[in-house]
Amino acid sequence: MNILFIGDVMGRAGRDMVRKHLPRLIAEEAIDLTVANGENAAGRAGITPAVVRELREAGVDVITLGDHAWDQKDLIPAIDTLDRLLRPANYPDAPGRGGLVVPTRAGVRVGVLNLLGRVFLPVQLECPFRTADRWIEELEREADAILVDFHAEATSEKVAMGWYLDGRAAAVLGTHTHVQTADERILPNGTAYITDAGMTGPSDGVIGIDRDKIIERFLTQMPVSFAT
């Protein structure tokens, strides 16, 4: 079974890359399931129902989110109608769902779980580790394998989650920083791990944002409207 995980899809450039390359990758690499983090897919932050549909039509099977989950307000009333979209499971009381089980093209049932870290992020969340315990117990009743997108800022928190879920999840994949790390490995009990899967978007900006705007912000310390 081949699972393709796509790091943070950043704005229109990221969506264009997914549309252009994903169908070919699915065919050439015999991809059975594609999961993509889409929390920045609608411009600079958030996602809209229209963008969810766009990514799904391009071949993404499951879309995960993160700390920008609610930045596009028209998502909130629609999220319960978008069956392959996940928001972080450790939001204490929010619409939508944090995990699901989907059949792959190979006939294997994969559980996908979306979690959000608490270190250095300005959100009030339930413990992602204890949330993982509850969800994995539920997902493994139906799933043959479980994949976790842990959207978090701190490397230490992500590494700890990898060790915590070693042997219980098939893969723990970090997102959020938009910079791919070089620590991909298989942990002792079989869990595939990477601290950050990186970004799908423009390489000549600053983590997906127009570099001139970011530099202006650093130079002046004044609010600047970011553009992708």
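The values are calculated or read from the model by the stated rules, or taken from the named source; none is laboratory data. The model shown is predicted, which means the values in this text are computed figures rather than measured ones. Cβ coordinates were reconstructed from backbone atoms using ideal geometry, including for glycine residues, and neighbour counts include every protein chain displayed. The protein model used for the area step is the full one, side chains on, heavy atoms only, and it has no ligands, DNA or RNA in it. Shrake-Rupley method; radii C 1.70, N 1.55, O 1.52, S 1.80 Å.
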>> Being small (Gly, Ala, Ser), under 17 Å from Lys158 (Cβ atoms) and open to solvent by 50 Å² or more (accessible area, probe 1.4 Å) is the filter here; which residues of the stretch 171-215 pass it?
In response: Ala182
>> Conditions first: (1) modelled with pLDDT under 95; (2) surrounded by 18 or more Cβ atoms within 10 Å (Cβ to Cβ). Asn37 passes all but one, so which condition is the exception?
In response: (1)
>> Would you confirm, using the coordinates I've provided, whether Arg105 is surrounded by fewer than 17 Cβ atoms within 10 Å (Cβ to Cβ), of a type outside the set (A, V, I, L, M) and either on the phi > 0 side of the Ramachandran plot or not in a loop (DSSP other than H, G, I, E, B) (or both)?
In response: no
> Any idea how many residues of the stretch 126-135 are open to solvent by less than 40 Å² (accessible area, probe 1.4 Å) and over 17 Å from the mean Cα position of the chain (by Cα)?
Replying inline: 1
>> As an exercise: evaluate Met17 against (1) without any contact (Cβ under 8 Å) to a residue 40 or more places away in the chain; (2) open to solvent by 70 Å² or more (accessible area, probe 1.4 Å); (3) farther than 19 Å from Ile136 by Cα and give the number of the one condition it does not meet.
In response: (1)
> Out of the residues in the stretch 170-215 that are outside any strand (DSSP E or B) and of a type in the set (Lys, Arg), which is nearest to the chain's Cα centre (by Cα)?
Replying inline: Arg211
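Quick grid of which residues meet (1) more than 29 Å from Ile26 (Cβ to Cβ); (2) in contact with a helix residue (DSSP H, G or I) (Cβ under 8 Å, 6 or more places away or on another chain):
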site: Ala42; (1), (2): no, yes
site: Glu57; (1), (2): no, no
site: Asp61; (1), (2): no, no
site: Leu65; (1), (2): no, no
site: Lys73; (1), (2): yes, no
site: Val102; (1), (2): no, no
site: Arg109; (1), (2): no, no
> Just wondering, is there one or more residues in the stretch 216-225 that are part of a strand (DSSP E or B), on the phi < 0 side of the Ramachandran plot and either open to solvent by 30 Å² or more (accessible area, probe 1.4 Å) or modelled with pLDDT of 95 or more (or both)?
Replying inline: no
> Ala50 is checked against (1) modelled with pLDDT of 95 or more; (2) assigned to a loop (DSSP other than H, G, I, E, B); (3) within 21 Å of Gly208 (Cβ to Cβ); (4) open to solvent by 20 Å² or more (accessible area, probe 1.4 Å) and fails just one. What number does that condition carry?
Replying inline: (2)
> When the stretch 53-68 is examined, which residues are found to be without any contact (Cβ under 8 Å) to a residue 40 or more places away in the chain and surrounded by 23 or more Cβ atoms within 10 Å (Cβ to Cβ)?
Replying inline: Ile63
> Could you say whether any residue in the stretch 74-93 is touching an Asp or Glu at 6+ places or on another chain (Cβ under 6 Å) and surrounded by fewer than 17 Cβ atoms within 10 Å (Cβ to Cβ)?
Replying inline: yes
>> For the condition farther than 14 Å from Thr195 by Cα and part of a loop (DSSP other than H, G, I, E, B), what is the one hit in Arg134, Arg130, Arg118?
In response: Arg118
